[in-house]
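One structure is given below, encoded as structure tokens.
The values are calculated or read from the model by the stated rules, or taken from the named source; none is laboratory data. The structure displayed is predicted, hence computed values, not measured ones. Glycine also receives a Cβ, built like all others from the backbone with ideal geometry; neighbour counts cover every protein chain displayed. The protein model used for the area step is the full one, side chains on, heavy atoms only, and it has no ligands, DNA or RNA in it. Shrake-Rupley method; radii C 1.70, N 1.55, O 1.52, S 1.80 Å.
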Amino acid sequence: MQGEIEGILGEAQAALKKAKTHEAIEAVRVEYLGKKGKVSLILKTMGQMPESDRREFGLKANQVRDLIDKMLEEASNTFQQVQRSAFLEESIDVSLPGNGRPMGFEHPLAQMSRELLEAFTSLGFEIAHGPEIEHDFYNFEALNIPKDHPAREMQDTFYIAPEVVLRTQTSPVQIRTMIAQREPPIRIASPGRVYRRDQDVTHSPIFHQIELLYVDRNVSFADLKGTLTIFIEQIFGKGAKMRMRPSYFPFTEPSAEVDMSCFACDQKGCRLCKGSGWIEILGSGMVDPEVLKAAQLDPEKVSGFAVGMGVERLAMLKYGINDIRYFYENELRFLSQF
Ligand SMILES: [Zn+2]
């Protein structure tokens, strides 16, 4: 009997070695530990044994049952592990190159705006924002452009209501800031979208401007020129030269268009600068006393300068783009060049 039960252990061990599936392992369990399994059957024969052998045999049989149970448990764990690693091997090949995600990048206009604002904030200007839907007072009246003024025709306007417009320029932020802050020094750079009824290769109904305003006691034309000289060098490099030409804007007096030396031809004359060696880049001037009065400041006590520039225009010059519409079409082949 003793030999028989050890034989069962050996058999079970050998059977489990061959069992490679969950079903095969379960079959071994039933064959040995099931109700009619080999271990159960042999335990039933205990009744026919002499009293003196029963105890020892019982102990042995229980040991064998526990051992087979443990072996089944181990075989089952091993099988699960094998299955899991086979699955992982199949689904993940760590030697393959990964699926890279393309990195996002700034739109060329956002890039240009950021560079300009960085230059201005480094010169002590604070960034100020204003609404894009603007009252006639801030967009025109306070900027010295009364209703019958011909300058209104220079900026073809989208009207939302008789006195409400989509702002045609960032200049209304000047008025809003002066009225809100009251006490000079006032030193702001105001970026944002502006709207005009206008569309061709260099004009878009929506475009971006940055406005500069500096108001304090004794601000002079020399301050304006000094600020612009430093700014142009920061954006276009050390060798960039500038010149000012007399011009007219209703909200500045005197007013000046600002040109910079043509970087494409080194001032020898090319298509970009139309042979002149100079490129117009922005408008500027001393804040008109009427504008200061409209913003409740005293032109006898304070003075200031203002500068306005088109972000698209500067980006087109800097990157050599000849059609403004490329900026808005969201064509990746165009955008990914910047
Ligand atoms: Zn040129």
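Report every pair of residues separated by at least 6 positions or lying on different chains whose Cβ atoms are under 6 Å apart, first residue within the stretch 129-146 and in contact (Cβ under 8 Å) with a residue 60 or more places away in the chain, second in a strand (DSSP E or B).
Taking only residues 6 or more apart or on different chains, the pairs are E132/R193.
Do any residues in the stretch 81-106 that are within 30 Å of F334 (Cα to Cα) have Cβ atoms under 9 Å from those of residues that are not in a helix (DSSP H, G or I), where the two are at least six apart or on different chains, and which pairs are they?
Here the result reads P102/S336; F105/S336; F105/F338; E106/F338, each pair linking the stretch 81-106 to a residue that is not in a helix (DSSP H, G or I).
In the stretch 258-273, what count of residues is obtained for those that are surrounded by fewer than 18 Cβ atoms within 10 Å (Cβ to Cβ), closer than 18 Å to F236 by Cβ and among the charged types (D, E, K, R)?
The qualifying residues number 2.
Filter the stretch 280-291 down to residues that are in contact with a strand residue (DSSP E or B) (Cβ under 7 Å, 6 or more places away or on another chain) and either at pLDDT 95 or above or crowded, with 19+ Cβ neighbours inside 10 Å (or both), then give me how many there are. Walk me through it before giving the result.
Within the stretch 280-291, the subset in contact with a strand residue (DSSP E or B) (Cβ under 7 Å, 6 or more places away or on another chain) is 280-288.
Those still in the list that are either at pLDDT 95 or above or crowded, with 19+ Cβ neighbours inside 10 Å (or both) too: 281-288.
Looking only at that region, the number is 8.
Could you grab me the full set of residues in the stretch 1-51 that are among the β-branched types (V, I, T) and without any contact (Cβ under 8 Å) to a residue 24 or more places away in the chain?
Once the filter is applied, which keeps residues that are among the β-branched types (V, I, T) and without any contact (Cβ under 8 Å) to a residue 24 or more places away in the chain, the stretch 1-51 yields only V30.
From I25, I68, grab the single residue that is closer than 17 Å to E4 by Cα and surrounded by 11 or more Cβ atoms within 10 Å (Cβ to Cβ).
Testing whether each residue is closer than 17 Å to E4 by Cα and surrounded by 11 or more Cβ atoms within 10 Å (Cβ to Cβ) leaves just I68.
Looking at G47, G124, G130, G100 in this structure, which one is within 60 Å of the chain's Cα centre (by Cα) and open to solvent by 50 Å² or more (accessible area, probe 1.4 Å)?
Within the list G47, G124, G130, G100, the selection yields G100.
Can S336 be described as over 23 Å from P185 (Cα atoms), within 16 Å of the ligand (Cβ to nearest atom) and of a type outside the set (A, V, I, L, M)?
Taking the combined requirement at face value, the residue does not satisfy it.
Within the set of pairs 6 or more residues apart or between chains, which connect a residue that is within 17 Å of V311 (Cα to Cα) inside the stretch 322-333 to a residue that is among the small types (G, A, S) with Cβ atoms less than 9 Å apart?
The qualifying pairs are I324/S204; R325/S204; F327/S204; F327/A315; Y328/S204.
Of everything in the stretch 163-205, what is in a strand (DSSP E or B), of a type outside the set (D, E, K, R) and within 20 Å of E153 (Cβ to Cβ)? Give them in sequence order.
Filtering the stretch 163-205 down to residues in a strand (DSSP E or B) leaves 164-166, 186-195, 200, 203.
Filter again for of a type outside the set (D, E, K, R), leaving 164-166, 186, 188-192, 194-195, 203.
Within the stretch 163-205, V164, V165, L166, V194, Y195, H203 meet the criteria.
If we keep just the residues of the stretch 290-309 that are of a type in the set (D, E, K, R) and touching a residue at least 60 places away in the same chain (Cβ under 8 Å), which is nearest to the ligand (Cβ to nearest atom)? Talk me through it step by step, then tell me what you get.
Step one: list which residues in the stretch 290-309 are of a type in the set (D, E, K, R), which gives 290, 293, 298, 300-301.
Add one more test, that the residue is touching a residue at least 60 places away in the same chain (Cβ under 8 Å), and what stays is 290, 301.
Working: E290: 38, K301: 44 Å.
Top of the filtered list is E290.
Just checking, does the stretch 233-247 include any residue being among the β-branched types (V, I, T), in contact (Cβ under 8 Å) with a residue 60 or more places away in the chain and under 26 Å from V165 (Cα atoms)?
No, the stretch 233-247 has no match at all.
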